[in-house]
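Heads up: the structure comes next, in structure tokens.
The values are calculated or read from the model by the stated rules, or taken from the named source; none is laboratory data. Remember, predicted model here, so these are calculated numbers, not experimental data. Please note: Cβ atoms are built from the backbone with ideal geometry, for glycine as well, and neighbour counts cover all protein chains shown. We work out accessible area using only protein heavy atoms, side chains counted, and drop any ligands, DNA or RNA first. Shrake-Rupley method; radii C 1.70, N 1.55, O 1.52, S 1.80 Å.
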Amino acid sequence: MDPIADMLTRIRNAQAVGEKKIKLPASKRKAAILAILKEEGYIESFDVIANGAKSDINVILKYFQDRPVIAKIQRVSRPGLRVYKQSNAMPTILAGMGIAIVSTPKGVMTAKTARAQNVGGEVLCVVE
């Protein structure tokens with residue numbers, strides 16, 4: 001099971017039926033991806049809620065004129081086929097209108113930031 005793909009699928013499914021909030025099992029990588037989505041304006045907010053040994057993440061999705069802000073969110077690298085890119089080969093999504101989220105040795109960041117810092121890494125997902 002791929003937890004990042006599960007998170008992206010939950011976001012897609014919730015937006016397909018018009019849900020405002022979703023609840024996910026927490027992890028540091030998911031929180032880092034959601035922080036980027038919030039910073040780039042794709043989601044309203046998210047909160048990590050501690051429930052004893054397990055933690056959950058509550059995500060508030062963003063809509064504009066009753067349509068989801070995220071038109072497409074897709075997993076690129078997966079457990080069966082990892083996709084790594086060098087800094088000069090980072091993908092550009094919709095001529096800069098979308099983002100690619102990359103896991104680098106300096107942390108999870110957008111492809112644009114990775115290109116600026118001259119670091120490569122694993123392309124986790126793309127958002128349009």
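Here are some notes:
- Residue in region 35-45 that is polar (S, T, N, Q), out of contact with any Leu (no Cβ under 8 Å at 6 or more places or on another chain) and farther than 18 Å from Met7 by Cβ present: no
- A Cβ distance below 8 Å, combined with a sequence gap of six or more or placement on separate chains, defines the contacts here; from region 51-69, residues that are within 14 Å of Gly41 (Cβ to Cβ) reach residues that are of a type in the set (Lys, Arg) and not in a strand (DSSP E or B) in the pairs Ile60/Lys20; Leu61/Lys20; Tyr63/Lys20; Pro68/Lys62; Val69/Lys62.
- Top-ranked residue in region 91-127 [being modelled with pLDDT under 95 and in contact with a helix residue (DSSP H, G or I) (Cβ under 9 Å, 6 or more places away or on another chain); ranked as nearest to Glu40 (Cα to Cα)]: Gly96
- Selection from region 92-114 of residues that are open to solvent by less than 90 Å² (accessible area, probe 1.4 Å) and either part of a helix (DSSP H, G or I) or farther than 21 Å from Lys38 by Cβ (or both): Gly96, Ala111, Thr113, Ala114
- Ile22 vs. criteria in a strand (DSSP E or B) and open to solvent by 40 Å² or more (accessible area, probe 1.4 Å): no
- Check on Tyr42, among the hydroxyl-bearing types (Ser, Thr, Tyr) and open to solvent by 50 Å² or more (accessible area, probe 1.4 Å): no
- Looking across region 45-76, not a single residue is in contact with a Ser or Thr (Cβ under 8 Å, 6 or more places away or on another chain) and of a type outside the set (A, V, I, L, M, F, W, C).
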